[in-house]
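Okay, so here's the structure we're looking at.
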Amino acid sequence: MANDAFRTKVEPTKSEAETPVKIGDKAGTQDVKIEVPYTEYEHMNHHPYVVDHFKLGDSWKEKLGGFEKEVGVIEDYFK
């Protein structure tokens, strides 16, 4: 049985990741999220990076049962 149908070329569509964003483009700058460097993370987010990494929330600073000492030790190690 011979297939008489011819194939047509299909062009792939461009995804959003492949579309370049211009520096001055206002629409593109709203969608871009720039990560803060580790050394500036605490200054920008008002808590150490380790708190977000381990998902400690606000309870890490509690006097009873908190993790302030442990977070400090980890932060000192990285510094």
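The values are calculated or read from the model by the stated rules, or taken from the named source; none is laboratory data. Fair warning: this is a prediction, and the values are worked out from it, not measured in the lab. Every residue, glycine as well, gets a Cβ built from its backbone with ideal geometry; the counts of neighbours run over all protein chains shown.
For the range 49-68, a residue qualifies if it is aromatic (Phe, Trp, Tyr) and more than 20 Å from Val36 (Cβ to Cβ), and exactly one does: Phe67. Kindly indicate the residue of the range 57-76 that is outside any helix (DSSP H, G or I) and out of contact with any His (no Cβ under 9 Å at 6 or more places or on another chain) and also surrounded by the most Cβ atoms within 10 Å (Cβ to Cβ) among those meeting that condition. By that ranking, first place goes to Phe67.
Among the candidates Ala27, Ala2, which residue alone is at pLDDT below 90, outside any loop (DSSP other than H, G, I, E, B) and small (Gly, Ala, Ser)? If you could, list the steps in order and put the result at the bottom.
Details: Ala2 fails: outside any loop (DSSP other than H, G, I, E, B).
Result: Ala27 is the single residue among Ala27, Ala2 that is at pLDDT below 90, outside any loop (DSSP other than H, G, I, E, B) and small (Gly, Ala, Ser).
When Glu11 is tested against (1) modelled with pLDDT of 75 or more; (2) surrounded by 10 or more Cβ atoms within 10 Å (Cβ to Cβ), exactly one condition is not met: (2).
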